[in-house]
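Okay, so here's the structure we're looking at.
The values are calculated or read from the model by the stated rules, or taken from the named source; none is laboratory data. Note that this is a predicted model, so its numbers are computed, not measured. Virtual Cβ from ideal backbone geometry, glycine too; neighbours counted across all protein chains shown. Ligands, DNA and RNA are excluded from the accessible area calculation, which covers all protein heavy atoms including side chains. Shrake-Rupley method; radii C 1.70, N 1.55, O 1.52, S 1.80 Å.
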Amino acid sequence: MRESDKAAKSPSSVPTVKEVARQAGVSTATVSRALSGSAGVREPLRSRIFEAARLLSYRPNRAARDLRVRSSRAVGVLIPDIENPFFTSLVCGIEDVLGKTDYSLLLASYNEDPEQETRRLEVFRAEGVCGLIFAASRTPSRIYSELERDGLTLVAVSRSVPRLRADEVTVASREGAYVATSHLIRLGHKRIALINGQTVFPTARDRETGYEDALREAGINLKDELLVHCAFKQAAGHAAMQQLLKLAKPPTAIFAASNLLTLGALQAIHERNLAIPSQVAIVGFDDMPWAMSLRPPLTTVAQPAFEAGRTAAELLLARVREPSLPRRQVVLETRLIVRSSCGFEGAQEDVALRQKR
């Protein structure tokens, strides 16, 4: 026996997948996929893993292998906020597609916490999921890149991650914000405030750009005091609206860049007993079932959350079947649903935006 073989073996215990992974310098999930014959692990990585297994005299446990094969039919779904109706609808869309196959869904939320995000990804890696649909945090975990290098199928949804080659599904946020702001301008508003998330998120950045585009086109100067950044949370939207209402010259109209920010803004407006839209107009982003129940009904930019989930699941399954497919980036259309909260009087009107594919 060669000295390298002796050094690699563990005389006191049966070799494990973790030891093979350490020897090969890869994750345990990659070892599992390589040894089970998955198409997701290519040469020369596959040969390196088999050589590590040979040096350690590793023999897969048949029962454990059966569990791995079953778990390879599982798709991980990682979302930032399970309480956000947008992501709830998105997950329903994913489930609609997977429910018609023999794939199962494993769901986790990380509450916009990058540390939790990394821990959830480690769990998915240990579970040996065949793919991952995810909306990344403001500082995307390094684990995404590791999973990509290991050959795991990744689909980014709602939030793109530029450094990854993952397929992605987003919505036309910039166009939606532009049309919403332009609508308020056409109604005569010039002091239009934006309550937005942090621009480290591509969605927030796009919505802010659309807002700015509309103001510039109308010849309206951008005013820093009318732009508030905060977390995509109802409480943050409430605090942002309170801040705007304390200005010496408050805005006459509000564009709130998410459903939860809209709810928080409405709460603050109602606390001040201000009339909508005569004293302050408001337009939200993301249509919700309760939007028609508000008094007055809410004007909002609708985005196809359910369809985004469906599309993400379809992209993932297609790439699992054929890993060599070219990268795909799908942008779904949004539309402005005009109701009474911005001052429009008359029948409901849908303003369609162009669709990018």
Inset, instruction - Just name the residue that is surrounded by the fewest Cβ atoms within 10 Å (Cβ to Cβ) out of those in region 17-55 that are in a loop (DSSP other than H, G, I, E, B) and at pLDDT 85 or above. - result: Gly25
Inset, instruction - Report whether or not Arg125 is of a type in the set (Lys, Arg), over 17 Å from Gly25 (Cα atoms) and touching a residue at least 24 places away in the same chain (Cβ under 8 Å). - result: no
Inset, instruction - Please work out which one of (1) open to solvent by less than 20 Å² (accessible area, probe 1.4 Å); (2) within 21 Å of the chain's Cα centre (by Cα); (3) touching a residue at least 60 places away in the same chain (Cβ under 8 Å); (4) over 22 Å from Gly309 (Cα atoms) is the condition Leu194 fails and give its number. - result: (2)
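Residues Ala177, Ala126: which one is out of contact with any Gly (no Cβ under 7 Å at 6 or more places or on another chain) and among the aliphatic types (A, V, I, L, M)? Working first, answer last.
On the way: Ala177 fails: out of contact with any Gly (no Cβ under 7 Å at 6 or more places or on another chain).
It is Ala126.
Could you grab me the full set of residues in region 297-330 that are aliphatic (A, V, I, L, M), in a loop (DSSP other than H, G, I, E, B) and closer than 24 Å to Ala177 by Cβ?
Answer for region 297-330, where residues must be aliphatic (A, V, I, L, M), in a loop (DSSP other than H, G, I, E, B) and closer than 24 Å to Ala177 by Cβ: just Leu298.
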Inset, instruction - Just one of (1) open to solvent by 40 Å² or more (accessible area, probe 1.4 Å); (2) more than 19 Å from Gly309 (Cβ to Cβ); (3) touching a strand residue (DSSP E or B) at 6+ places or on another chain (Cβ under 9 Å); (4) not aliphatic (A, V, I, L, M) trips up Thr139, so point out which. - result: (3)
Inset, instruction - Determine which member of the set Arg328, Arg339, Arg335, Arg310 is among the basic types (Lys, Arg) and either without any contact (Cβ under 8 Å) to a residue 12 or more places away in the chain or touching a Ser or Thr at 6+ places or on another chain (Cβ under 9 Å) (or both). - result: Arg339
Legend entry - Count - residues of region 78-113 that are open to solvent by less than 40 Å² (accessible area, probe 1.4 Å), hydrophobic (A, V, I, L, M, F, W, C), out of contact with any strand residue (DSSP E or B) (no Cβ under 7 Å at 6 or more places or on another chain) and within 22 Å of Cys130 (Cα to Cα): 1
Inset, instruction - Please give the strands (runs of 3 or more DSSP E) falling wholly within region 151-234 in which 1 or more residues are hydroxyl-bearing (Ser, Thr, Tyr) and on the phi < 0 side of the Ramachandran plot. - result: 153-157, 167-171
